[in-house]
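The values are calculated or read from the model by the stated rules, or taken from the named source; none is laboratory data. Computed from a predicted structure; not experimentally measured. Neighbour counts are summed over all protein chains in view; Cβ atoms, including those assigned to glycine, are modelled from backbone coordinates with ideal geometry.
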2 protein chains.
Amino acid sequence: MDFKEKYQNLVEAVNLELDKLTAEVDCPQRAIYQAMRYSLMAGGKRLRPVLAMAVSEMLGGNYEEVLPFGCAIEMIHTYSLIHDDLPSMDNDDYRRGRLTCHKVFGEAKAILAGDALLNLAFEVMSDEMLKSQGNIASKAKAMSIIAKASGVSGMIGGQVIDLESEGRIIPAALLGKMHACKTGALIKAPVLASAVLNNASCSELEALESYAENIGLAFQVKDDILDVEGDSSLMGKPAGSDEANQKSTYVSIYGLDESKRMLAELIDKAVKSLCIFGQNAQFLKALAEYIMIREN
Amino acid sequence: MDFKEKYQNLVEAVNLELDKLTAEVDCPQRAIYQAMRYSLMAGGKRLRPVLAMAVSEMLGGNYEEVLPFGCAIEMIHTYSLIHDDLPSMDNDDYRRGRLTCHKVFGEAKAILAGDALLNLAFEVMSDEMLKSQGNIASKAKAMSIIAKASGVSGMIGGQVIDLESEGRIIPAALLGKMHACKTGALIKAPVLASAVLNNASCSELEALESYAENIGLAFQVKDDILDVEGDSSLMGKPAGSDEANQKSTYVSIYGLDESKRMLAELIDKAVKSLCIFGQNAQFLKALAEYIMIREN
């Protein structure tokens, strides 16, 4: 099976599970499900759950056990986008090719939909822990990894640095820290959580951590490059928003050519980290390459 | 020890633990801790963690084990207030006698501080699960109870009903549903979570559920009464906001006298639910009475 076909199969499994986890129930609160699902089911690359599933398969596990954790991370990712797009934050009108959540449902409901998705992520993970008593400890560990990655020492922390940095030029080290938190943490989390759920050894964990850190940073460098030379119609959001918002980016600090060189180097490092897994790492290696050439 | 003294002791334990859990670290993200702590450490009754601790003591446990779970609920409660106060929600300027979070830190940081507190609640509970392998299953169950209570089928669901009901008169049944979700769920959660953590029997759980449901509703009825005849300086927020926001309340639907009668009846039921615990229930009974006579 080629990479794209395999990726698409995993995405379909994710979409089915997300659909199931947010099935609308007929209750007075159903109005909020529409806003949650509007953003959650708007497509997207599903990179985070796909990573969790791919790691699981590489380690010889089956992906059903990690799927709910991957979906929980996708919910956290989606809530962060909804809140990030709000007028008082980035004030974005478009996301994934459609109007942002608050543009359709209003600010109040968008805030609540974000809150609800973050909360649902933990409901889903709690449910998983109650399902099987046998491996409850590794599930607890996986949840802890995800919780830390999305909190102040992870994603939210990155957003805070971002917010504090707007309109001024920040040192390269702080830019690195910002992205390691804002984007990197939630790309590393599915990889490590899945590794823990599959009882990975120390050396496997170390290799996967290096892989995840490199693709996480690569993902952000590519985002910055796309914002300069990407095609708005493919990205589903307007290019050039970083410059308009006076954001420090890899391109603004290092220039376009150097950013592209860094991107290639990061992908190369990511691929090399996986050598201990031999042939089983084929899909994850292809996934790293895909991050480099993606157009949205 | 009299009720007030005992309550105050428990509040102090809660405040110490909350302070510890949100100790500012010197990192680029520290700016967010100020906003989180501004709202979290602003006082408040700490009713939810106190309930968790009191249930634990009544059941013969010590309160240290339930304290982190109680504090997690207090964080969830506080985040919900921060988001509820936002301009696009209730647009409130004062809370607990001081300016609301967004008035001091701006909307963006208030949204993030709320997100961070919700997330931190689950970080804290995950950490607790990793600490001891022995009773990890009951900790998972407690966390699941709390997660459900704060989500769409609980608190957030109640906020959605509230939002959808603004400016129109709603049926009494829907008002009841709204409060059972919006306030009730997060008052019931510490009681049930603490009961589960202390391996309560079925009949004990049933009795405590009845207690919690009755005080939860009583708490809201009292809130509605206070909004009409409370003293703004004691409440730390202006009275009369329900009427100004055209909200349906117990007072607007049933009138002041009938609301007071309902309140007394609910407290009476709550107290009677505890009869199976005999003398050990003294503090929780006094707590129910306190809800009826509180002035803030």
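Here are a few things to note about the model shown:
- Some residue of region B:111-124 being in contact with a Cys (Cβ under 7 Å, 6 or more places away or on another chain), farther than 18 Å from A:Asp127 by Cα and either surrounded by fewer than 23 Cβ atoms within 10 Å (Cβ to Cβ) or more than 7 Å from chain A (Cβ to nearest Cβ) (or both): yes
- Here B:Asp93 clears all of (1) at pLDDT below 95; (2) within 14 Å of chain A (Cβ to nearest Cβ); (3) closer than 26 Å to A:Gly106 by Cβ except the condition numbered (2).
- Restricting the search to helices (runs of 4 or more DSSP H) fully inside region A:232-296 and requiring at least 2 residues that are at pLDDT 95 or above and within 16 Å of A:Phe219 (Cα to Cα) gives A:256-273, A:282-293.
- Matching residues in region B:29-59 - criterion: being within 14 Å of another protein chain (Cβ to nearest Cβ), surrounded by fewer than 20 Cβ atoms within 10 Å (Cβ to Cβ) and in contact (Cβ under 8 Å) with a residue 12 or more places away in the chain: B:Ala31, B:Gln34, B:Arg37
- Among the conditions (1) closer than 27 Å to A:Tyr33 by Cα; (2) touching a residue at least 60 places away in the same chain (Cβ under 8 Å); (3) not in a helix (DSSP H, G or I), the only one that A:Ile170 does not satisfy is (1).
- Tally of residues being more than 10 Å from chain A (Cβ to nearest Cβ), among the charged types (D, E, K, R) and either closer than 28 Å to A:Glu166 by Cα or touching a strand residue (DSSP E or B) at 6+ places or on another chain (Cβ under 8 Å) (or both) across region B:72-90: 1
- Residue check, B:Pro49 in a helix (DSSP H, G or I) and in contact with a Gly (Cβ under 6 Å, 6 or more places away or on another chain): yes
- Evaluating A:Asp268 against the criteria (1) in contact (Cβ under 8 Å) with a residue 24 or more places away in the chain; (2) over 17 Å from the mean Cα position of the chain (by Cα) leaves one unmet condition, (1).
- Region B:159-173, residues that are in contact with a Pro (Cβ under 9 Å, 6 or more places away or on another chain) and over 13 Å from B:Lys247 (Cα atoms): B:Val160
- Residue list for region A:276-285, restricted to those being of a type outside the set (S, T, N, Q) and closer than 15 Å to A:Val191 by Cβ: A:Ile276, A:Phe277, A:Ala281, A:Phe283, A:Leu284, A:Lys285
- Within region A:158-202, restricting attention to residues that are at the interface with chain B (Cβ under 7 Å from one of its Cβ atoms) and over 15 Å from the mean Cα position of the chain (by Cα), the residue that is surrounded by the fewest Cβ atoms within 10 Å (Cβ to Cβ) is A:Leu174.
- Applying the criterion of being in a helix (DSSP H, G or I) and buried (at least 24 other Cβ atoms within 10 Å of the Cβ) to the residues of region A:96-107, the residue that is nearest to the other protein chains (Cβ to nearest Cβ) is A:His102.
- Here B:Lys20 clears all of (1) over 19 Å from the mean Cα position of the chain (by Cα); (2) of a type in the set (Lys, Arg); (3) under 27 Å from B:Ser232 (Cβ atoms) except the condition numbered (3).
- Test: residue in region B:208-215 that is among the aliphatic types (A, V, I, L, M) and either within 8 Å of chain A (Cβ to nearest Cβ) or surrounded by fewer than 24 Cβ atoms within 10 Å (Cβ to Cβ) (or both): no
- When region B:125-153 is limited to residues that are within 9 Å of another protein chain (Cβ to nearest Cβ) and assigned to a loop (DSSP other than H, G, I, E, B), the one that is modelled with the lowest pLDDT turns out to be B:Gln133.
Each row is one residue, and each column tells you yes or no for (1) within 23 Å of A:Gly176 (Cβ to Cβ); (2) surrounded by 13 or more Cβ atoms within 10 Å (Cβ to Cβ); (3) free of Cβ contacts under 8 Å to residues at least 40 places away in the same chain; (4) not small (Gly, Ala, Ser).
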position	(1), (2), (3), (4)
A:Leu217	yes, yes, no, yes
A:Glu229	yes, no, yes, yes
A:Asp242	yes, yes, yes, yes
A:Gly255	yes, no, yes, no
A:Gly278	no, no, yes, no
A:Asn296	no, yes, no, yes
